[in-house]
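To keep things clear, I will list the structure first and then write my remarks on it.
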Amino acid sequence: MPLREKTTGPTMDFLAARKQMLESQVRVNDVTDLRLQRALAETPRELFLPSELRELAYVERDIEYAPNRWLMRVRDFSKLIGVARPDEGELVLNLFCGSGYSAAILSQLSEMVVAVESDEDLVRTAEENLNTLGLSNAAVIAGAPGEGAAAQGPFDLIIIDGVVEQNPDALMSQLKDGGRLAAIVRENGVSRGVLFRRDGDVSSHKPFFDAGTKAVLPEFAAEKTFAF
């Protein structure tokens, strides 16, 4: 679906930064899907940040723009979506969508996106951002992202926009048979992009790449243990 991008403000600077991002953070990191590259190239990341943070939109780092909500560094985000391989005919669940960037990218790669966010201000912001870009195949709903959205499923693909320290086993039941779940999983201080798959009543997972992202979602943080 073509984007309807704003043309006011210092657009040329952001366009140049976005092009540089694509060349230095995406293509060089084995993200070869041309549809994904196009979505990243055409989606203004700065739109999804408050005005005081927009100059950081294309810096290679996690950007926290609201409590426990980040724009994940592009290298890790693009590799995660590349591993998940969303398809044009698929229904995708996007958890912890925040201001809507991940939903915007996924909506250009799939048939329909259900995006879940618990912060009502961010729900409104995400809706406004998606509307600004003319992306009508993404629905943002208020809810507990850690619980998924069973009523809207089952889903072909689930994307968790953030880092988990616990395997998201409870979400696997919301996948169709053969469905996938992609997340950055942090274990023993190491973050990796992992793809989970449901085959009947059996689930499996496979790590695909090391990630630099450390933005752990509190809902999926490891339980604290104490040694005596």
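The values are calculated or read from the model by the stated rules, or taken from the named source; none is laboratory data. In this text, all values refer to a predicted model and were calculated from it rather than measured experimentally. Heads up, the Cβs are rebuilt from the backbone with ideal geometry, glycines too, and the neighbour counts pull from every protein chain shown. Surface accessibility is based on the protein's heavy atoms, side chains included, excluding ligands, DNA and RNA. Shrake-Rupley method; radii C 1.70, N 1.55, O 1.52, S 1.80 Å.
Quick notes on this one:
Okay, residues lined up against (1) of a type in the set (Asp, Glu); (2) open to solvent by 20 Å² or more (accessible area, probe 1.4 Å):
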position: Val92; (1), (2): no, no
position: Ser102; (1), (2): no, no
position: Gln108; (1), (2): no, yes
position: Ala115; (1), (2): no, no
position: Glu127; (1), (2): yes, yes
position: Gly143; (1), (2): no, yes
position: Glu147; (1), (2): yes, yes
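- Residue count for region 162-177, restricted to those that are modelled with pLDDT under 95 and charged (D, E, K, R): 2
- Of all residues in region 36-77 being of a type in the set (S, T, N, Q) and at pLDDT 95 or above, the one that is surrounded by the most Cβ atoms within 10 Å (Cβ to Cβ): Thr43
- Within region 172-191, the set of residues being crowded, with 16+ Cβ neighbours inside 10 Å and either free of Cβ contacts under 8 Å to residues at least 24 places away in the same chain or in a strand (DSSP E or B) (or both) comprises Leu175, Gly179, Arg180, Leu181, Ala182, Ala183, Ile184, Val185, Arg186, Ser191.
- Unmet criterion (only one of (1) surrounded by 17 or more Cβ atoms within 10 Å (Cβ to Cβ); (2) more than 22 Å from Arg75 (Cα to Cα)) for Gln152: (1)
- Boolean, Asp161 is touching a residue at least 24 places away in the same chain (Cβ under 8 Å) and crowded, with 16+ Cβ neighbours inside 10 Å: yes
- The residues in region 194-209 that are over 17 Å from Glu165 (Cβ atoms), of a type in the set (Val, Ile, Thr) and surrounded by 15 or more Cβ atoms within 10 Å (Cβ to Cβ) can be counted, and the count is 0.
- Boolean, Gly89 is on the phi > 0 side of the Ramachandran plot and assigned to a loop (DSSP other than H, G, I, E, B): no
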